[in-house]
Amino acid sequence: MSEDDLAPLPPEEGIKRFLRHHEPSVRESTIRNARTRLRFFNEWCEAREIENLNNLTGRDLADFVAWRRGDIAALTLQKQLSTIREALRYWADIEGVRDGLAEKVHAPELPDGAKSRDVHLKADRADETLSYLREHHYASRDHVVMLILWRTGMRRSALRSLDVTDLRPDDQALV
């Protein structure tokens with residue numbers, strides 16, 4: 001598809017269309033994350049006076065990667081660029097950017113161990129937090145989340161993936 005075949009698409013409109021398109025098929029937290037990640041892309045477009053996504057090039061995208069690299073960790077950058085790639089593919093489908101532009105977004109290599117964190121919550125801190133939540137915010141979302149995470153040792157991502165069918169009320173258990 002040549003640039004002449006593209007319909008003008010301002011960055012802000014492209015972002016709104018992308019989010020609206022994905023909203024019915026993903027969780028609210030996914031939309032929130034995408035909105036945040038794309039906000040940085042929109043800010044960059046504004047700073048570069050990019051008013052039409054039709055004009056984006058691979059060089060522009062490399063400049064965006066370099067611009068973001070200075071502000072965030074490599075793993076965060078990879079996640080942000082994944083969202084940008086997904087948006088670029090959608091924009092290509094609606095004739096807002098040239099086909100194949102998404103493949104020109106190159107994320108930096110992650111250093112060894114970048115995907116793992118070695119942060120642990122100490123027992124006394126967890127007990128203090130749970131005591132406070134039990135007294136001042138009993139059965140609130142924060143209280144329940146903290147309680148489940150602390151009692152089970154599961155990761156937050158595992159907690160997010162729980163469904164009603166994972167609850168076994170008769171056994172007072174999660175499966």
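Read the figures in this text as sums done on the coordinates, not as results from a lab. Since this is a predicted model, take the numbers as computed values, not measurements. Quick reminder, even Gly has a Cβ in these numbers, built from the backbone with ideal geometry, and neighbours come from all protein chains shown.
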Residue in region 77-99 that is under 30 Å from residue 161 (Cβ atoms), β-branched (Val, Ile, Thr) and touching a Lys or Arg at 6+ places or on another chain (Cβ under 9 Å) present: yes
Residue within region 109-126 that is assigned to a helix (DSSP H, G or I) and touching a residue at least 12 places away in the same chain (Cβ under 8 Å) present: yes
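Conditions (1) under 30 Å from residue 161 (Cβ atoms); (2) not in a loop (DSSP other than H, G, I, E, B), marked per residue:
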position	(1), (2)
12	no, yes
15	yes, yes
18	yes, yes
39	yes, yes
49	no, no
54	no, yes
66	no, yes
75	yes, yes
Considering residues of region 157-175 that are of a type outside the set (Gly, Ala, Ser), assigned to a helix (DSSP H, G or I) and surrounded by 10 or more Cβ atoms within 10 Å (Cβ to Cβ) only, the residue farthest from the chain's Cα centre (by Cα): 166
Sole exception among (1) under 30 Å from residue 160 (Cβ atoms); (2) crowded, with 16+ Cβ neighbours inside 10 Å; (3) among the β-branched types (Val, Ile, Thr) for residue 26, by number: (2)
Residue in region 98-106 that is assigned to a loop (DSSP other than H, G, I, E, B), farther than 30 Å from residue 147 by Cβ and among the basic types (Lys, Arg) present: yes
Subset of region 61-108 (residues that are in contact (Cβ under 8 Å) with a residue 60 or more places away in the chain and on the phi > 0 side of the Ramachandran plot): 95
